[in-house]
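First up is the structure itself, then whatever we jot down about it.
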Amino acid sequence: MPVITFEMTPMTKEQKQQIAREFTDTVVRTTGVPEKSVYVLFHENTAEHIAVGDTLLCDTQWYKIQQKEG
């Protein structure tokens with residue numbers, strides 16, 4: 001049973017559904033396992049709980065731009 005763990009900042013239900021669909025399709029296509037045997041686990045972390053090197057994600061310029069656009 002393949003298990004995929006996906007960690008990211010919070011996502012919408014629709015985003016999770018699309019990611020699960022695409023990951024599952026890829027695993028089924030490349031390994032031939034049944035679709036119902038593929039598990040996708042979502043671990044959502046706030047930007048304060050993720051660091052890029054020694055900088056918290058919430059303090060990066062990229063994140064600040066994403067927040068303004070989102």
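Mean separation of Cα pairs under 8 Å and 6+ residues apart, divided by the residue count of the chain: what relative contact order is that in percent?
Computed over the chain, the figure is 37 percent.
Dipole of the chain computed with +1 at Lys/Arg Cβ and -1 at Asp/Glu Cβ about the Cα centre; of Phe42, Thr31, Leu56, farthest Cα towards the positive end is Thr31.
Taking a ≥ b ≥ c as the square roots of the Cα gyration tensor eigenvalues, with a/c under 1.5 meaning rounded and otherwise prolate when a/b beats b/c, else oblate, which class fits the chain? Taking the square roots of the gyration eigenvalues as a ≥ b ≥ c, the chain is prolate.
Taking every protein chain into account, the accessible area of the chain amounts to 78 square angstrom per residue (probe 1.4 Å). DSSP assigns beta bridges within segment 1-58; of those with both partners inside it, close to 25 percent run antiparallel. The angle between the Cα long axis of helix 13-31 and the longest principal axis of the Cα atoms of the chain comes to about 50 degrees, rounded to the nearest 10.
Round to a whole number: what % of the accessible area of segment 1-62 belongs to carbon and sulfur, probe 1.4 Å? For segment 1-62, the apolar C and S fraction of the accessible surface comes to 55 percent.
Which residues in segment 12-54 have a backbone N closer than 12 Å to a point placed 7 Å from the Cα of Gln67 along the Cα-to-Cβ line? So the set is 47-49.
Run the dipole for the chain about the Cα centre, Lys and Arg Cβ at +1, Asp and Glu Cβ at -1, nothing else charged, and hand back the magnitude in debye, nearest 20.
260 debye
Each stretch of four or more DSSP H residues adds -39500 (n - 2.57); spread over every residue of the chain, this sum gives -13000 deg cm²/dmol at 222 nm.
With R₀ fixed at 35 Å, the C-beta to C-beta distance from Glu22 to Asp54 puts the FRET efficiency at about 0.60.
The values are calculated or read from the model by the stated rules, or taken from the named source; none is laboratory data. Remember, it's a predicted structure, so these values are computed and weren't measured experimentally. Note: ideal-geometry Cβ built from the backbone for every residue, glycine included; neighbour counts use all protein chains shown. Just the protein is used for accessible areas: all its heavy atoms, side chains included, with ligands, DNA and RNA removed. Shrake-Rupley method; radii C 1.70, N 1.55, O 1.52, S 1.80 Å.
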